[in-house]
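Below is one structure, written out as structure tokens; the observations come after it.
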Amino acid sequence: MADDKEALSDFDERLLQGVLARIWRHLGGQRDSTSRINKTVSPEELKRRLDLAVRREGIDIEEMLSDIDTYLAESVNTSHPHFMNPLWGGTNIASFAGEIITALTNTSMYTYEIAPMATLIENEMIATMGKLVGYEAGEGIFTTGGSNANLIGMLCARDRKLPDAPTDGIQGKELVAFISEDAHYSTIVAANILGIGKNNLIPISCDDEGKMIPELLEESIITEKRAGKIPFCVVATAGTTVVGAIDPLEEIGEICRREYLWLHVDAAWGGAALLSPKTRGLLRGIEKADSIGWDPHKMMGIQLVCSVLLVRNSGTLNKVCSHADTAHYLFSNKSKNYDLGRKSLQCGRRVDALKLWLAWRAKGDEGWRLQIEKYFSIAKYFADQVIENPLLELVIEPSMTNVCFRYTGARLTQEKQDIANEQIRTELLSSGRFMISTSLINGRTILRGVVANPSVSELVVDELLTTIVKIGNELSQIKY
Ligand SMILES: Cc1ncc(COP(=O)(O)O)c(C=O)c1O
């Protein structure tokens, strides 16, 4: 049983030694491509297997280490070389070390007083990323994810249009915002939280490459204004979730300037393209944005969660979060300009900047450049292999490193192709060999492999495609 009286009891010491040994072992086995990525059991079956209840008396060290072993064994190996499912993967060790130190020092980002070096580190990272997007006098804050960065960006937009909203609310004003039809669902959540409502979030159609069509945006703004609505914000996406499309930021920025609309760019996924001169042109025009969300926990591979909201004009966040000023029990005037809690929607907030800073110090700008270029190069190889294979079809030319494709087989109808692709993913998952995702494009099932994991290689891509074709052929009972 744990003993609270001593700083490091026998229980604590053995627990930490046990955990350190397991970290070593776990990291050592993570990249074994012959191991399973996941265990596919139903929630009911897993519940039956586990004893999760906390008890009246504490457990002993053996049982605790056994709990940890079970947890590790049941976890999905997100650093497995065949893990290509979401927009992130792998373990950046410097970032992982940062997580450990964050937990070890257990503080909160609200005041300089309680998080001195962490505050300066967070400011340094915001300034570094701000420079990369082209902000000269910007500011920013680490958020709990790209979703919340979108929320705060849209909140800044609302408050510029209705400066009294922080005190008086929106008073029945019919605000409307515009998003790409392929925008992340967090923008809808944000519209809900901000009191705007989903129906006042106008989706703008995209072209064949998944990019918002600027002419349609312009038309839609005029239509809404004629209908007596108050446009206040456009959310463009730099790297959509499924296909990685990058909206035409230059053109959209120009429309926003003319119409005096706040432009928020959701670069949760695409922001990392700024790290290489070869890819940064993809985000041409991003400096026109009033605010930008960027998730270092995606392509940069920083441990979850690590997300940043950047804002072009400093002073904006203090105003939007000015309710914090009522917290006399927390903030004093002494460190007013350094207390990051005055720029955040959160009170208690984790130190997420440390892991990014350590990873950046370890890699340098050059290390990021190489990582991003490697991912784009593997994604290009991936797309080329799909194109060359007569049994596969590339659904959309990748802009980022998401590769969307499908197994077509030789004589399958579209309906049968959709079923086959669903089944292929199910089969990949249940075999534990590969993890990729499925999604819908124009109502049809596609497979999506993402290159955002340092262990993914061209060899892995070859293996994945060979496996998919083999499963597809078996499912459609075709002998080639
Ligand atoms: C384009 C885009 N924006 C925002 C998000 C949300 O990011 P988070 O999961 O960090 O909240 C995602 C997640 O995948 C995304 O793809």
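Here is how the numbers come out for the structure above:
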{"quantity": "Computed over segment 365-475: relative contact order in percent, which uses C-alpha pairs under 8 Å that are six or more apart", "calculated": "28"}
{"quantity": "The chain: calculated mean residue ellipticity at 222 nm from DSSP helix runs of at least 4, using -39500 (n - 2.57)", "calculated": "-13500 deg cm²/dmol"}
{"quantity": "Positive-pole candidate from His297, Thr167, Ile193, dipole of the chain, charges at beta carbon", "calculated": "Thr167"}
{"quantity": "Cleavage-rule hits (chymotrypsin sites (Phe, Trp or Tyr not before Pro)) in segment 184-262: DSSP loop, at most 14 neighbouring Cβ within 10 angstrom", "calculated": "Tyr185, Tyr260"}
{"quantity": "All lysines inside 24 Å of Lys355 as judged from Cα atoms, apart from same-chain residues fewer than 8 positions distant", "calculated": "Lys131, Lys298, Lys343, Lys363, Lys374"}
{"quantity": "Rounded accessible area of Ile222 (nearest 10 Å², 1.4 Å probe)", "calculated": "70"}
{"quantity": "Span-rule helices in the chain, defined as complete DSSP H runs reaching 30 Å or more along the axis (Cα) with Kyte mean at least -0.5", "calculated": "353-388"}
{"quantity": "Whole-Å distance, taken between Cα centres, linking segment 229-295 and segment 111-165", "calculated": "16"}
{"quantity": "Test item: Cα-centred dipole of the chain, Lys/Arg +1 and Asp/Glu -1 on Cβ, debye", "calculated": "400"}
{"quantity": "Segment 361-430 and segment 316-333: distance between their alpha carbon centers, rounded to Å", "calculated": "47"}
{"quantity": "Gyration tensor (alpha-carbon) shape descriptor, the chain, a/c threshold 1.5", "calculated": "oblate"}
{"quantity": "With DNA, RNA and ligands ignored, accessible area of Phe178 (1.4 Å probe; Å², nearest 10)", "calculated": "0"}
{"quantity": "Where the chain is the region considered: accessible area per residue in Å², 1.4 Å probe", "calculated": "48"}
{"quantity": "Candidates per GluC sites (Glu not before Pro) in segment 13-106, loop by DSSP, up to 15 other Cβ within 10 Å", "calculated": "Glu57"}
{"quantity": "Carbon and sulfur %, accessible surface of segment 365-475 computed with the full protein complex present, 1.4 Å", "calculated": "51"}
{"quantity": "With all protein chains modelled, accessible area of Lys416 [1.4 Å, Å²]", "calculated": "120"}
{"quantity": "Relative contact order (%) - criterion: Cα under 8 Å, at least six apart; region: the chain", "calculated": "21"}
{"quantity": "Fraction of beta bridges assigned by DSSP in the chain that are antiparallel (%, nearest 5)", "calculated": "55"}
{"quantity": "Amide proton proximity set for Cys233, modelled H, under 5 Å, gap of 5+", "calculated": "Phe178, Trp262"}
{"quantity": "Cα gyration tensor, segment 108-350 - rounded (a/c under 1.5), prolate or oblate", "calculated": "oblate"}
{"quantity": "Packing-based ranking, highest mean first, of 351-359, 163-171, 393-401 given that Cβ atoms within 10 Å are counted", "calculated": "351-359, 393-401, 163-171"}
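The values are calculated or read from the model by the stated rules, or taken from the named source; none is laboratory data. Owing to the predicted nature of the structure, the values given are computational and were not obtained by experimental measurement. Backbone-built Cβ (ideal geometry, glycine too); neighbour counts: all protein chains shown. Ligands, DNA and RNA are excluded from the accessible area calculation, which covers all protein heavy atoms including side chains. Shrake-Rupley method; radii C 1.70, N 1.55, O 1.52, S 1.80 Å.
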